[in-house]
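Just below is one structure, and these are the notes that go with it.
Each value in this text was obtained by applying a stated rule to the coordinates, not by laboratory testing. Keep in mind the model is a prediction, meaning the values are calculated, not measured. With ideal geometry, Cβ positions are generated from the backbone for all residues, glycine too; neighbour counts draw on all protein chains shown.
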Amino acid sequence: MKLPSPPLPKFLRPTPPRPGDGNGDGADRSAGNGDGSTTTAPEPKKLDKARGAAVEGTASVVGYLDERTGMSPFLRGFLYRKTPKGNTWYYTLGSATMFAFVSQAVTGIFLAMYYTPDASRAYDSVSHLTNEVFLGELVRGMHRWGSTIMIILIFLHMARVFVFGAYKYPREINWVIGVVLLVLTLAMGFTGYLLPFDQRSFWATVVGVNINASAPVMGPYIADFLRGGAEFGAATLPRFYAIHMLLLPVLIGALIGAHLYLVSKLGTTAPPWVKGEKKNISEEAI
Amino acid sequence: MNAREKEEYLREYSILKSQGKPFFPYAVGKDSWMAVIVLMVTITMAVFLGAELGPKADPTTTTYTPRPEWYFFFLFELLRVVKPPALVLMATIGIPTICLILLLILPFIDRSPVRHPLRRPIAMISALATIVAMAYLTLVGALAGAPTEIELATAPQFEEGQEVAASAGCLACHKIGENGNTLGPPLTNVGDRLSRDAVARTLINPTAPMPRYQTLKDSNPEQFDKLVDYIASLKSEQ
């Protein structure tokens, strides 16, 4: 199986063989004389042996795994599926959002190692984490600003999908999943804001929950559920912690999986101004 | 889209796909560069902007003005812009819910086969209007200024009271001079309407949405008196 070479910048790519070169190796030519090529002649043999062993070893590991999982058709279909013509940088916004989520998950795990979800001790644990733990402030800062970056990226991604008309047939369901992901991400921002438990976050959350409570029919019930009772109390912080740490990440992870499955099944759209070449249409007709 | 348009789209798409490049390594390469940029920006922001931690949450204070994360500014601002109490519910719950439902069912509303942005004027104009409205509300929310500053000139004997009023969070709902919000009645000329005793009574026993200032009176009666003096001194002839 031959892998396509990765997209290296120009100066790192190996020089292609030139017509008239004896052994077709650009590196030897730059050495300048014939002696260089004779002395280095045995080396490629060793290299070839090592390479052969490496390829064989990899193949046998891949073969072992494939025999037991049957993954290779799926992986081949996923990795080597063609993306339509005109694939520009706009198409990286979705994966960038997912990467921001992964970064939030990783930094969040480290923050959780030091955080105490208890109304009387939460603030002190955050203060300890920020001021005393090695790299604590950096990781907290990454988590705090990572949320801003994720929100910006998710909006840019949505704008791209909207402008390209990519929500239309056959990708309607994926748009709906995406909007749900946007709402869940905003809910992440809302529940996470309370956790440092300083004045700013506490009062902003009180107001936020009160706005929720003013909604007709379901509003008071949602507010009671969030507060863990009729008032902000000892039950509120652990509730926000559990929602922020368990409920929302699991939902977001599952929906990202569904989103990606549909993307790989339906394919990404081409920019609407890109058209297929006529020549190939006639080829298709034949 | 009818069956013919669907088929036309799928045929055109399969041609574009056959002329494209494989996902790995071309798209994966771009995605990886983007991931590196995202990580770098996150770390840069974390290093230079840090993660501030304010004073510890104190549920007994009524003197703190809430401020949400910036991406909720537009919701807060919507609440501030809409004044009549009958419409407040519309602003906080109604408009965002309607917008969200419209966003969710967008592909089922807009079913035309046209994809080029320049040939979808209605969709593009409404999207642009939404973005401009949200950006405007976010900007106004961001520029609303420190809610703890009163610029209105006052007599020297009331200056301490003015500081108490500024830090007590009155401006979160009331307007004093040019500062503050319009959720509650403006206090600029409140001295014309209420006597000093009436002001004190309102602070201790306010009408529903306003918080009680009993804790301030208990913990710091001197400050409370200065606050009452200052508010009672806000008269139109000054």
Lysines whose Cα lies under 24 Å from that of B:K175, excluding same-chain neighbours fewer than 8 positions away: B:K83, B:K217, B:K226, B:K235
Two-decimal Rg/Rh across segment B:156-232, once Rg and the Kirkwood Rh are taken from alpha-carbon atoms: 0.92
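A:E231 to A:V61: FRET efficiency via 1/(1 + (r/R0)^6), r the Cβ-Cβ distance, R0 41 Å, to the nearest 0.05? List each step's numbers first, then the result.
Values: r = 59 Å, r/R0 = 1.44.
Plugging the Cβ-Cβ distance into 1/(1 + (r/R0)^6) gives 0.10.
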B:R67 long-range amide H proximity, modeled H, under 5 Å: A:A204
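What's the longest piece of chain A with no exposed GluC sites (Glu not before Pro), counting a site as exposed if DSSP puts it in a loop and it has at most 15 other beta carbons within 10 Å?
By the stated rule (loop sites, at most 15 other Cβ atoms within 10 Å), A:1-131.
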Phi-based couplings in Hz for segment A:244-259 (Karplus 6.51, -1.76, 1.60; Gly and Pro marked x): 5, 8, 10, 4, 5, x, 5, 4, 4, x, 5, 6, 4, x, 5, 4
Estimated distance in nm for a label pair at A:I109 and B:E8, the labels positioned 7 Å out from Cα along Cα-to-Cβ: 5.0
Calculated SAXS-style log₁₀ I(q)/I(0) at q = 0.08, 0.09, 0.18 Å⁻¹ - chain B, Debye, Cα scatterers: -0.55, -0.64, -1.39
Table column - 3J(HN,Hα) (Hz), segment B:18-32, Karplus curve with 6.51, -1.76, 1.60, x for Gly and Pro: 5, 8, x, 10, x, 4, 9, x, 5, 5, 4, x, 4, 4, 5
Cα long-axis angle, helix A:199-213 against chain A (0 to 90 degrees, to the nearest 10): 80
Burial ordering of B:M40, A:M98, fewest other beta-carbon atoms within 10 Å first: B:M40, A:M98
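Find out how many positive minus negative residues lie around B:A123, taking Lys and Arg as positive, Asp and Glu as negative, among other residues whose Cβ is under 11 Å from that of B:A123. Write out the running numbers ahead of the final one.
Working: positive: A:K168, B:R115, B:R119, B:R120; negative: B:D110.
Around B:A123, the surrounding residues sum to +3.
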R0 of 22 Å, Cβ-Cβ distance B:T202-B:K56: FRET efficiency to nearest 0.05: 0.15
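Multiply the residue separation of A:A159 and A:V102 by 0.36 nm, subtract the distance between their alpha-carbon atoms, and state the gained length in nm to one decimal. Write down the numbers at each step before the final one.
Working: separation 57, 0.36 × 57 = 20.52 nm, distance 2.17 nm.
Gain on stretching A:A159 to A:V102: 18.4 nm.
Over 29 Å between Cα atoms: which of A:K82/B:K6; A:K10/A:K168; A:K49/A:K82 fall into that group?
Working: A:K82/B:K6 21 Å; A:K10/A:K168 38 Å; A:K49/A:K82 34 Å.
Beyond 29 Å between Cα atoms: A:K10/A:K168; A:K49/A:K82.
Hull surface divided by four, with the convex hull built on the Cα atoms of the protein assembly as shown: how many nm²?
Working: hull surface 147.4 nm².
Computed as one quarter of the Cα hull surface, the answer is 36.8 nm².
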Helix-only [θ]222 nm of the protein assembly as shown, DSSP H runs n ≥ 4, -39500 (n - 2.57) each, per residue, nearest 500: -19000 deg cm²/dmol
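What does the average come to when, for each residue of peptide A:143-152, you count the partner chain Cβ atoms lying within 10 Å of its Cβ?
Details: counts 3, 8, 11, 7, 3, 7, 5, 2, 4, 2.
Taking the mean over all residues of the peptide, I get 5.
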Interchain or long-range residues, amide H under 5 Å from A:D198's placed H: B:A57
Distance (nanometres) between label positions extended 7 Å along Cα→Cβ at B:M1 and B:S219: 6.1
Shielding score for B:90-98, defined as the mean number of other chain Cβ atoms within 10 Å: 2
Separation of the B:M90 and A:E132 label points, Cα + 7 Å toward Cβ, nm: 5.4
Label-reachable residues, segment A:228-242, where backbone N falls under 17 Å from a point 7 Å from A:A258's Cα toward its Cβ: none
Segment A:46-92 and segment A:156-171: distance between their alpha carbon centers, rounded to Å: 30
³J(HN,Hα), Karplus 6.51/-1.76/1.60, whole Hz, each residue of segment A:82-90, x for Gly, Pro: 7, 9, x, 3, x, 6, 9, 5, 4
Rounded FRET efficiency, nearest 0.05, which uses the C-beta distance separating A:T15 from B:L100 and R0 of 51 Å: 0.35
Rounded Å value of the spacing that divides the Cα centres of segment B:95-134 and segment B:20-48: 29
Paramagnetic reach from B:F108 (point 7 Å along Cα→Cβ, amide N under 19 Å) across segment A:142-171: A:166-171
Nonlocal amide H pairs with B:K21, under 5 Å, H built at 1.01 Å: A:T83
